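The values are calculated or read from the model by the stated rules, or taken from the named source; none is laboratory data. Keep in mind it's a predicted model, so treat the numbers as computed, not measured. Here the Cβ positions follow ideal geometry from the backbone for every residue, glycine too, while neighbour counts run over all protein chains shown.
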Amino acid sequence: MKILTSSAMKIAESIAVEKGSSYMELMEQAGKGTADRILGLADVSGRQVAVLCGKGNNGGDGLVAARYLAEAGAEITVIFVMGRELSALARANLYELEKRRVHFLEPDAPLTRRLEAIRKSDVLIDAVFGTGFSGELPAACKELAEAANNSRAIKVALDVPSGIDCDTGLADKDTLRADYTYTFAALKPAHVLKASLPLCGKIELIDIGIPAADIAAIPDGITLLSAETAAGCIPKRQEDSNKGDYGKLLNVGGCVHMTGAVILSTLSAMRCGVGLVKVAAPQPVLSAVASHILECIYSPLPVSESGSISIDGVEQLRTEMGWATAGLIGCGLSVCDDTRLLVEEVISSFGRPLVIDADGLNCVAENPAMLRKALAPVIITPHIKEMSRLTGLSVEIIKNRRFDVAAQFAEKYGVTVVLKDSNTVIATPKRELFINGNGNSGLAKGGSGDVLAGVIASFLAQGASPLAAAVAGVFLHAEAGDMAAQTFTPYAMLPSDVIESIPFVLKQLL
Ligand SMILES: NC(=O)C1=CN([C@@H]2O[C@H](COP(=O)(O)OP(=O)(O)OC[C@H]3O[C@@H](n4cnc5c(N)ncnc54)[C@H](OP(=O)(O)O)[C@@H]3O)[C@@H](O)[C@H]2O)[C@@H](O)CC1
Ligand SMILES: Nc1ncnc2c1ncn2[C@@H]1O[C@H](COP(=O)(O)OP(=O)(O)O)[C@@H](O)[C@H]1O
Ligand SMILES: [K+]
């Protein structure tokens, strides 16, 4: 399913108009679709319906819905929240509505009357702001928000609850909380982002006459990951095969202070079907790996004074790179002069697809241009803070502009970006964008990212394209997290439980 930002939505709108629809017709469909849904929820005849109406086209949608609900016998009160100077489309629909028996509470009506109308409403339609909103709710809206949020009415938000920026999911603390959000033509990022999702109630998509094929063709659309898409990206297995057919993954990482990361990524890679994993790590780390995993093989590397892989291991690493079909570097690696040099060496001389995670990325951060030296595709898997180090942008900017930041980095350095967060975003060098909606707060624990890196690297080693490996990996990892949370709760689940859940999720997907 395609998700459209506010600007992409405008493109969809203009394409629809070029093809013969009109802005007025689109608004009519949005308002009528809303009224139909409300009539499916409740018999409104003789009941109180309050419409909180803004100045823009979101308000216009509310006025159209009010007209249809008035025809169904509802007692309508329109409350002008932001004044009466409406957009041209909204104004035309206000003119139509004025011909009906409808109460209008003018902007200068006493606050008590407006609050009373909200309190006694059976259905409350939030048509103050839609895709045009950003920033903070104005005072005029805030003074009604509390009454709206405490109202016993069925609360229906048009497009997005007012107070939410539909592109970033940023929500004003006084956002009008909806029981239902009816959104038009396509979901917007706020309907998926975990910051705003809980404020939307039940989200329903209303067809306003823009064909799905046109929505799918919008170049700036963001694809929401689904089980079906992920399943299609998992490499196939043949009965007549041997371990050599499923790839050889070289997992370079670990230091004496961090032994668990490389264990988690190796285990998760093995659970996802790779034929062989070789762990290239300092000797003391390999002892820990050996006590946890029976099935992988080892390449013991010399240890530097700080307990990391020493640069003296570079020749051995070059030999191992010749053996592998894909690589993973960074889990528990640590950042020091030796590892920085090693990471640059691996990027510039490994001729196979490579996943760079965690400290591998921190080693790259000083000079991301080294990514351009890669001889084969690279996937980077930064969390927001690591992306901040890579780009020099603040965490806040990255969170608020996650699609642009991921897409621009992917394009600039020719890598596939897996920007991890409560909603992970995938961006390719061709500006394709994906977002993940599943997963839970139980994944917000040290080690979860190592599990994901192993999953993606495993698919890559088996021959999946970088995009397919990222799509399958991100979805499967979050789904395994959801399964682990069901058994253990988000509090108690551990990254190792996520690995234990992988087989069951694979069984469902395949
Ligand atoms: N796209 C489509 O296909 C279709 C779209 N449709 C509908 O149109 C909606 C989009 O309409 P829209 O563009 O008129 O914007 P909308 O959300 O009504 O608000 C704009 C107003 O809010 C203001 N404003 C913003 N932030 C503010 C703040 N912090 N504090 C105060 N004011 C603030 C902003 O002011 P400005 O920034 O311009 O000064 C402007 O006056 C969309 O969500 C859907 O419901 C449907 O009809 C079907 C077809
Ligand atoms: N609240 C959340 N909801 C869903 N997924 C989450 C949440 N918090 C973290 N995750 C996921 O968990 C993983 C955490 O990765 P990371 O922060 O790199 O962990 P570590 O480096 O400790 O292994 C990422 O895949 C991220 O998408
Ligand atoms: K709204």
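Below are the figures for this structure:
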item: Candidates Thr424, Thr489, Thr416, filtered to the one that is farther than 23 Å from Val252 by Cα, among the hydroxyl-bearing types (Ser, Thr, Tyr) and away from ligand 2 (no atom under 11 Å from the Cβ); result: Thr489
item: Some residue of segment 132-140 being modelled with pLDDT of 95 or more, in contact with a Phe, Trp or Tyr (Cβ under 9 Å, 6 or more places away or on another chain) and within 16 Å of ligand 1 (Cβ to nearest atom); result: yes
item: Residue in segment 38-59 that is more than 29 Å from Val17 (Cβ to Cβ), buried (at least 24 other Cβ atoms within 10 Å of the Cβ) and not hydroxyl-bearing (Ser, Thr, Tyr) present; result: yes
item: Cross-chain or 6+ apart pairs with Cβ under 9 Å, segment 27-40 first and within 12 Å of Asp61 (Cβ to Cβ) and assigned by TED's automatic domain parsing to the domain that holds Ala88, then buried (at least 17 other Cβ atoms within 10 Å of the Cβ) and of a type in the set (Lys, Arg); result: Gly31/Arg67; Lys32/Arg67; Ala35/Arg67
item: Test: residue in segment 123-141 that is over 27 Å from Asn400 (Cβ atoms), surrounded by fewer than 21 Cβ atoms within 10 Å (Cβ to Cβ) and of a type in the set (S, T, N, Q); result: no
item: From the options Gly473, Gly481, Gly463, residue that is in contact with a Ser or Thr (Cβ under 9 Å, 6 or more places away or on another chain), in the same structural domain as Pro503 (by TED's automatic domain parsing) and assigned to a loop (DSSP other than H, G, I, E, B); result: Gly463
item: Conditions (1) out of contact with any Leu (no Cβ under 6 Å at 6 or more places or on another chain); (2) part of a helix (DSSP H, G or I): number failed by Ala376; result: (2)
item: Residue within segment 79-97 that is away from ligand 1 (no atom under 16 Å from the Cβ) and part of a loop (DSSP other than H, G, I, E, B) present; result: no
item: Tally of residues being within 18 Å of Glu432 (Cα to Cα) and under 13 Å from the mean Cα position of the chain (by Cα) across segment 378-397; result: 0
item: For Met321: the one exception among (1) touching a Ser or Thr at 6+ places or on another chain (Cβ under 9 Å); (2) within 14 Å of ligand 2 (Cβ to nearest atom); (3) aliphatic (A, V, I, L, M); result: (2)
